[in-house]
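The values are calculated or read from the model by the stated rules, or taken from the named source; none is laboratory data. On a predicted model such as this, the values are computed, not experimentally measured, just so you know. In this analysis, Cβ positions are derived from the backbone assuming ideal geometry, glycine residues included, and neighbour counts consider all displayed protein chains.
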Amino acid sequence: MEITAAVAHKPNGEFTLETLNLDAPRASEVLVEIKSVGICHTDLATRDGSIPFPMPAVLGHEGAGVVLEVGEDVSKVAAGDKVTLTYNYCGQCRNCRKGDTAYCYQFLPQNCAGSRLDGTQQITASDGGPVGNRFFGQSSFASHALASELNVVKLADDAPLDLVGPLGCGVQTGAGAVINSMDADAGSTLLVVGGGSVGLSAVLGGVAQGCANIIVCEPHERRRALALQMGATHAIDPADGELGEQVKAINSEGAHYIFDTTAIPAVVESTFTALAPHGTLGLVGVPVDPTASVNVSLFGALVLGIKVLGIIEGDAAPDSFIPRMAELHAAGQFPFDKMITKFPFSKINEAIEAQHEGEVVKAVLVH
Ligand SMILES: [Zn+2]
Ligand SMILES: [Zn+2]
């Protein structure tokens, strides 16, 4: 079938709206009419070459929509179901069998190969030429997408399809890091470094866990204000002093849990002074330089008994965690929509620019 998609051609280049061809669903695939799609940092990091992917490409990995057609082996969803799309995984490797699907041994080929694993294409150009596709098992910067049965998540019939796309990646990553990966305990102090969409989602996770202090460290004043609206108890400016001192002025023990979204080596190193004994540091950012590293004091790490966790997709089991977040949102307890600004799908370049400039925390493109 013919679809309309936003196509990335080169690093830092604009997306162009083009008519492309989408293959029919194979046995385990699901055809989804996309109603909205969030723009995630990973889309832009891929366009800009930090994550290898064949260009030109249809990116997009926070799609939400309605199932139009399913392959013959699909039983999880049926035509007419409201769904959100999430990352893809194999479902068969050791980690997938344990439920740790975010650490699928096949994560990169399942999400970033640019085609089906047998080499066939889900999307081709109108002249039959190649277009990188199946990004995160969806390539949802488009009017329609093919997902797999594994990475479609069924939602309630009244789910707001113009909002829920980011639950499939950015919100799941931040909230899941606090709820699943770090399992922050009630009454604890949580420090979130960086007040972008993933950091603010971690704030929502801290609220859900009952953290007593939820501190956001963020240089932009508007984002600090938004963090407080979303449930942070304190918002600090890194320019106001050394991080550990600022955090210990709020809780003398330091932060029991720290969640870094910046992936800036100097910032990550500065978090160690803010960490409480036996505290946990969660890392989620994609560094601009893939070879970046940080210095950790071996003696300090030993004496403090610190835990450092690399976190993918918030350790979420999407089929249960995404509906749980949607239910909390419907009950007024998970206001992730406060950080969302909607744009018409055709305004993708304006949306990226607004997100880049910091006017917008999380852009969602709506059809
Ligand atoms: Zn797997
Ligand atoms: Zn993402």
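Annotations
- Of note, Ile179 does not satisfy the criterion of being in a strand (DSSP E or B) and at pLDDT 95 or above.
- Of all residues in the stretch 36-63 being in a strand (DSSP E or B) and small (Gly, Ala, Ser), the one that is nearest to ligand 2 (Cβ to nearest atom): Gly38
- Residues of the stretch 104-131 that turn out to be over 19 Å from Met1 (Cβ atoms), outside any loop (DSSP other than H, G, I, E, B) and away from ligand 2 (no atom under 16 Å from the Cβ), as a count: 1
- Leading residue by the ranking (farthest from Pro52 (Cα to Cα)) among those in the stretch 278-290 that are at pLDDT 95 or above and out of contact with any Asp or Glu (no Cβ under 8 Å at 6 or more places or on another chain): His278
- Any hit, the stretch 16-35, residues being touching a residue at least 12 places away in the same chain (Cβ under 8 Å), in contact with a helix residue (DSSP H, G or I) (Cβ under 8 Å, 6 or more places away or on another chain) and buried (at least 20 other Cβ atoms within 10 Å of the Cβ): no
- Output for the stretch 86-105, where each listed residue is polar (S, T, N, Q) and touching a Phe, Trp or Tyr at 6+ places or on another chain (Cβ under 7 Å): Asn88, Asn95, Thr101
- So Val58, is it closer than 23 Å to Asp158 by Cα and either within 16 Å of ligand 1 (Cβ to nearest atom) or assigned by TED's automatic domain parsing to the domain that holds Ala113 (or both): no
- Residue in the stretch 12-33 that is modelled with pLDDT of 95 or more, outside the structural domain of Leu200 (by TED's automatic domain parsing), among the polar types (S, T, N, Q) and within 16 Å of ligand 1 (Cβ to nearest atom) present: yes
- The residue pairs whose first member lies in the stretch 213-229 and is small (Gly, Ala, Ser), whose second member is in a helix (DSSP H, G or I), and whose beta carbons are closer than 8 Å, counting only pairs six or more residues apart or on different chains, are Ala227/Gly199; Ala227/Leu200; Ala227/Val203.
- Qualifying residue in the stretch 132-147 (condition: among the polar types (S, T, N, Q), within 11 Å of ligand 1 (Cβ to nearest atom) and over 28 Å from Met339 (Cβ atoms)): no
- Residue in the stretch 219-226 that is in contact with a Ser or Thr (Cβ under 7 Å, 6 or more places away or on another chain) and farther than 19 Å from Asp337 by Cβ present: no
- Meets criteria (loosely packed, with under 13 Cβ neighbours inside 10 Å and under 18 Å from the mean Cα position of the chain (by Cα)) for Gly358: yes
- Count of residues meeting criterion [within 16 Å of ligand 2 (Cβ to nearest atom) and in a loop (DSSP other than H, G, I, E, B)] in the stretch 87-103: 3
- Candidate set: the stretch 137-176, residues that are touching a Pro at 6+ places or on another chain (Cβ under 8 Å) and either part of a loop (DSSP other than H, G, I, E, B) or without any contact (Cβ under 8 Å) to a residue 40 or more places away in the chain (or both); chosen: the one farthest from Thr16 (Cα to Cα): Ala156
- Subset of the stretch 274-327 [within 15 Å of Leu190 (Cα to Cα) and either without any contact (Cβ under 8 Å) to a residue 24 or more places away in the chain or part of a helix (DSSP H, G or I) (or both)]: Ala274
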